[in-house]
Amino acid sequence: MITALSLLGAFAAGFALWILFEYLLHRFAMHQLHGRGIMSREHLHHHIAAGWTFSFLHLLSWAGMLIVGFVLWLPLGWITVSLPFGITTAVGWTAGYFFYEHQHAQAHLRAPRNGYETWLRKHHFHHHFGHPMANHGVTLPIWDRVFGTLEVPDQVRVPRRMAQAWMLGPDGEIRDEFAADYVLVGTATTTSERQSQLDKVRAFASIAPED
Ligand SMILES: [Zn+2]
Ligand SMILES: [Zn+2]
């Protein structure tokens, strides 16, 4: 019999499955492949640009994760429990994935508005600028804790040329309210051709960008 509780369990299972894949895909399919395959290459370009802009490739990724939910998790939940359970697991997976996509884009695009967003930005920008082989989870630190890749820096170093617009005041320095969490390093505000080649080499080796 289908109960509200079993559907809630299915949704939570789907959501939790995404949180695990968020970690595994980011660590193994993006960073450890060092640019082999479209997923890894696009992600490492995200590290070079250090910003978020919408591109056609996002549509591919959104469609891909929807397909995984409804072609893989739905039948699996259907076979093992029931059709409604399978559907709700796929919905939970999709919700987890879009929660991640939304939070990640927002982290790059706007200042935090609550404690969770403050934590997420610090955690994720340490991954970008401090140690790309740490903090692979974006929305939750659970799997980083389990696999020993969690790092909690006192302050996140941010190469000046890669600073997110929301971090900076009109004088181009870190805003007072973020000064305890972020420190600018380096002097260049724009990226020269030589610097962008260097940034690429380091991003594809999953090494933090230089000052
Ligand atoms: Zn990012
Ligand atoms: Zn990354």
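What are the pairs, 6+ residues apart or on separate chains, where a residue within the range 105-124 that is basic (Lys, Arg) has its Cβ under 7 Å from a residue that is part of a helix (DSSP H, G or I) and more than 11 Å from ligand 1 (Cβ to nearest atom)?
Matching pairs, first to second residue: Arg110/Trp166.
Given the condition outside any loop (DSSP other than H, G, I, E, B), surrounded by 15 or more Cβ atoms within 10 Å (Cβ to Cβ), more than 16 Å from ligand 1 (Cβ to nearest atom) and not hydroxyl-bearing (Ser, Thr, Tyr), answer yes or no: does some residue in the range 122-133 qualify?
No.
Any residue that is of a type in the set (Phe, Trp, Tyr), within 16 Å of ligand 2 (Cβ to nearest atom), closer than 30 Å to Ala10 by Cα and in contact with a helix residue (DSSP H, G or I) (Cβ under 6 Å, 6 or more places away or on another chain) - is there at least one of those in the range 92-102?
Checking the range 92-102: at least one residue is of a type in the set (Phe, Trp, Tyr), within 16 Å of ligand 2 (Cβ to nearest atom), closer than 30 Å to Ala10 by Cα and in contact with a helix residue (DSSP H, G or I) (Cβ under 6 Å, 6 or more places away or on another chain).
Can we say Arg161 is under 27 Å from Ser40 (Cβ atoms), part of a helix (DSSP H, G or I) and charged (D, E, K, R)?
When the stated conditions are applied, Arg161 passes them.
Based on what the data block shows, is His34 touching a residue at least 24 places away in the same chain (Cβ under 8 Å), within 16 Å of ligand 2 (Cβ to nearest atom) and farther than 19 Å from Phe99 by Cβ?
yes
May I ask you to list the residues in the range 90-121 that are crowded, with 16+ Cβ neighbours inside 10 Å and of a type in the set (Val, Ile, Thr)?
Val91, Thr94, listed by residue number.
Here is a list: Ala105, Ala111. Which entry is in a loop (DSSP other than H, G, I, E, B) and either within 16 Å of ligand 1 (Cβ to nearest atom) or at pLDDT 95 or above (or both)?
Ala111
Check the range 146-156 and report whether any residue there is of a type in the set (Val, Ile, Thr) and either within 19 Å of Val201 (Cβ to Cβ) or within 13 Å of ligand 1 (Cβ to nearest atom) (or both).
Yes: the range 146-156 contains one or more residues that are of a type in the set (Val, Ile, Thr) and either within 19 Å of Val201 (Cβ to Cβ) or within 13 Å of ligand 1 (Cβ to nearest atom) (or both).
Working only within the range 103-136, note down all residues that are within 16 Å of ligand 2 (Cβ to nearest atom) and hydrophobic (A, V, I, L, M, F, W, C). Talk me through it step by step, then tell me what you get.
So the first thing to find is which residues in the range 103-136 are within 16 Å of ligand 2 (Cβ to nearest atom), and the list is 103-105, 107-108, 120-136.
The answer is Ala105, Ala107, Leu120, Phe125, Phe129, Met133, Ala134.
The values are calculated or read from the model by the stated rules, or taken from the named source; none is laboratory data. Quick caveat, the model's predicted, so the values are computed rather than measured. Note: ideal-geometry Cβ built from the backbone for every residue, glycine included; neighbour counts use all protein chains shown.
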